[in-house]
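To keep things clear, I will list the structure first and then write my remarks on it.
The values are calculated or read from the model by the stated rules, or taken from the named source; none is laboratory data. Here the structure is a predicted model, which means the values were calculated and not measured. Cβ placement follows ideal geometry from the backbone for every residue including glycine, while neighbour counts extend to all protein chains displayed. To get the accessible areas, we keep the full protein, side chains included, count just its heavy atoms, and leave off ligands, DNA and RNA. Shrake-Rupley method; radii C 1.70, N 1.55, O 1.52, S 1.80 Å.
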Amino acid sequence: MFFLRKPRGKDAAFRRVLPVVVVTIFAVLFVIFLLNTTTSDSHREIWSSNRVGEVELVKYNLSSFNVKPRLPKQNKLSIALQKKNQLPPRNLDLFPSLAKDHTIIVLYVHNRPQYLQVVVQSLSKVEGIGETSLIVSHDGYFEEMNKIIESIRFCQVKQIFAPYSPHLFQDSFPGSSPGDCKDKDDPLQKNCQGNADQYGNHRSPKIISLKHHWWWMMNTVWDSLEESRHHSGHILFIEEDHFIFPNAYRSIQLLTALKPKKCPTCYAANLAPSDVTSKGEQWDAMIAEKMSNVGYAFNRTVWRKIHSKTRDFCFFDDYNWDITMWATVFPSFGGPVYSLRGPRRSAAHFGKCGLHQGQGERNACIDNGEVNVELDDIDKVVNIKPDWNVHVIRRQEGYKAGFKGWGGWGDDRDRQLCLDFSYMYHYRDNT
């Protein structure tokens with residue numbers, strides 16, 4: 001019978017060689033696949049999706065941002081300020097070098113000089129402030145604000161001015177254009193231009209500048225500015241209405257150092273609770289909770305993940321950058337976005353005037369900038385113990401996925417400008 005026949009010599013040899021040939025072919029094909037992948041991904045950067053402080057195997061495609069930006073035509077003031085952004089930091093004679101492990105501080109401001117004066121005074125008393133650099137990002141140009149910053153002598157200071165701030169353009173986008181729709185105008189009846197938000201309201205340049213400035217600043221600090229684009233550590237972000245405690249700098253350094261071991265899934269470190277009215281729990285434990293907008297620090301790994309959500313950020317109908325992050329960007333990360341902090345605050349929000357309630361207007365918010373922040377002796381030194389455990393607050397209060405936004409961000413031009421800020425440092429003209 002056929003199945004009892006002995007195989008011929010050649011057939012037996014072939015059968016012995018066949019598995020080796022098949023394995024070899026598959027190995028060659030796999031190597032070719034890897035080479036093609038490496039070639040096509042040579043422009044990609046890597047960030048981690050689980051241990052967010054480390055570099056792992058998740059790929060981030062920068063080539064998707066190689067789009068030519070369509071930035072608005074600049075006026076003389078805009079061009080002058082953009083050139084001013086190239087000037088070296090001041091106080092290099094007083095602070096010629098920075099500490100090796102320094103944490104850059106970025107202070108972003110608009111036009112509340114009474115607040116800024118308080119913040120600058122508080123920063124001058126911060127332990128270790130002379131070891132680092134302070135980058136001040138201005139939304140528009142206001143002489144009184146500029147003078148306050150120029151008076152700083154306690155650290156290196158680098159000023160940058162948003163060259164496409166609506167406050168710099170009096171009769172053209174991103175400011176107000178003569179043919180723009182106002183309030184709830186009907187474009188057909190009024191023969192005006194603009195897209196209304198989800199509530200039927202047209203853009204207000206004064207209000208939308210908040211989100212534009214924050215996004216321009218983030219892209220510039222992380223991806224363009226010579227003083228920060230190669231920084232490998234965390235960057236601390238504060239606003240002009242954040243009173244900074246003397247222990248703030250040492251505290252953020254400790255928190256960011258402890259974060260990889262104590263809270264490896266934490267995206268950031270914070271100087272204050274997410275509830276801006278809270279002074280902290282006073283526990284003998286560190287806290288991991290929702291990322292706050294008061295004194296927050298994260299690294300380039302986290303920035304890359306935020307930047308990869310550009311379209312989510314730029315198309316969400318809310319003029320607030322922080323609400324946009326909480327309601328659409330962070331939820332897209334696939335899990336809770338925790339930030340590590342101490343049980344006592346090291347920064348405090350103060351004042352009653354919002355950024356959009358500027359100075360020099362008929363209905364301007366009036367506040368003399370007096371601050372009533374209790375500062376105990378324990379707040380003057382680091383009050384976090386490295387051996388403490390971490391208490392996780394899992395219930396995320398406030399804005400979250402599902403919130404549709406407060407509006408103010410429905411105009412296609414604002415959304416395009418937001419996208420352009422994401423493209424402007426990554427576009428390469430290969431023609």
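On inspection, T310 qualifies as polar (S, T, N, Q), surrounded by fewer than 20 Cβ atoms within 10 Å (Cβ to Cβ), farther than 28 Å from D377 by Cα and at pLDDT 95 or above. Within the range 109-132, the residues that satisfy the criterion of being small (G, A, S) and either farther than 19 Å from I235 by Cβ or buried (at least 21 other Cβ atoms within 10 Å of the Cβ) (or both) are S122, S124. Screening the range 391-404 for residues that are among the charged types (D, E, K, R) and in contact (Cβ under 8 Å) with a residue 60 or more places away in the chain and picking the one that is surrounded by the fewest Cβ atoms within 10 Å (Cβ to Cβ) gives E397. Within the range 133-144, the set of residues being more than 18 Å from P88 (Cα to Cα) and open to solvent by less than 10 Å² (accessible area, probe 1.4 Å) comprises D139, G140.
If you go through the range 67-114 and pick out every residue that is in contact (Cβ under 8 Å) with a residue 24 or more places away in the chain and not in a loop (DSSP other than H, G, I, E, B), you end up with 15. Only residues that are closer than 12 Å to L271 by Cβ, surrounded by fewer than 24 Cβ atoms within 10 Å (Cβ to Cβ) and within 20 Å of the chain's Cα centre (by Cα) were counted in the range 245-259, giving 2. Among the residues in the range 229-244, are any small (G, A, S), over 28 Å from I384 (Cβ atoms), in contact (Cβ under 8 Å) with a residue 40 or more places away in the chain and open to solvent by 20 Å² or more (accessible area, probe 1.4 Å)? Scanning the range 229-244 turns up no residue that is small (G, A, S), over 28 Å from I384 (Cβ atoms), in contact (Cβ under 8 Å) with a residue 40 or more places away in the chain and open to solvent by 20 Å² or more (accessible area, probe 1.4 Å).
Checked against (1) buried (at least 22 other Cβ atoms within 10 Å of the Cβ); (2) in contact with a Cys (Cβ under 7 Å, 6 or more places away or on another chain), D185 passes all but a single condition, namely (1). W388 passes every criterion in (1) of a type in the set (F, W, Y); (2) within 27 Å of the chain's Cα centre (by Cα); (3) open to solvent by less than 40 Å² (accessible area, probe 1.4 Å) apart from (2).
Looking only at residues in the range 145-171 that are of a type in the set (G, A, S) and surrounded by 16 or more Cβ atoms within 10 Å (Cβ to Cβ), the one that is nearest to D223 (Cα to Cα) is A162. Going through (1) outside any loop (DSSP other than H, G, I, E, B); (2) modelled with pLDDT of 95 or more; (3) open to solvent by less than 70 Å² (accessible area, probe 1.4 Å) one by one, W409 falls short only on (1). So, in the range 338-351, exactly how many residues are open to solvent by 10 Å² or more (accessible area, probe 1.4 Å) and either modelled with pLDDT of 95 or more or part of a loop (DSSP other than H, G, I, E, B) (or both)? Residues that pass the stated criteria total 5. Looking at P273, is it part of a loop (DSSP other than H, G, I, E, B) and either surrounded by fewer than 23 Cβ atoms within 10 Å (Cβ to Cβ) or not basic (K, R) (or both)? For P273, the condition - part of a loop (DSSP other than H, G, I, E, B) and either surrounded by fewer than 23 Cβ atoms within 10 Å (Cβ to Cβ) or not basic (K, R) (or both) - is met. For S64, the criteria (1) under 23 Å from the mean Cα position of the chain (by Cα); (2) modelled with pLDDT of 95 or more; (3) not in a loop (DSSP other than H, G, I, E, B) hold in every case but one, which is (2). Scanning the range 115-132 for residues that are of a type outside the set (K, R) and not in a helix (DSSP H, G or I) yields a count of 5. Look at the range 264-277: where a residue is closer than 15 Å to R394 by Cα and in contact (Cβ under 8 Å) with a residue 12 or more places away in the chain and a partner is assigned to a loop (DSSP other than H, G, I, E, B) and β-branched (V, I, T), sitting 6+ places away or on another chain with Cβ atoms under 7 Å, you get T265/V52; Y267/V52; Y267/V337.
Go through the range 390-431 and give me each residue that's touching a helix residue (DSSP H, G or I) at 6+ places or on another chain (Cβ under 8 Å) and more than 24 Å from H213 (Cα to Cα). Of everything in the range 390-431, those that are touching a helix residue (DSSP H, G or I) at 6+ places or on another chain (Cβ under 8 Å) and more than 24 Å from H213 (Cα to Cα) turn out to be V390, G402.
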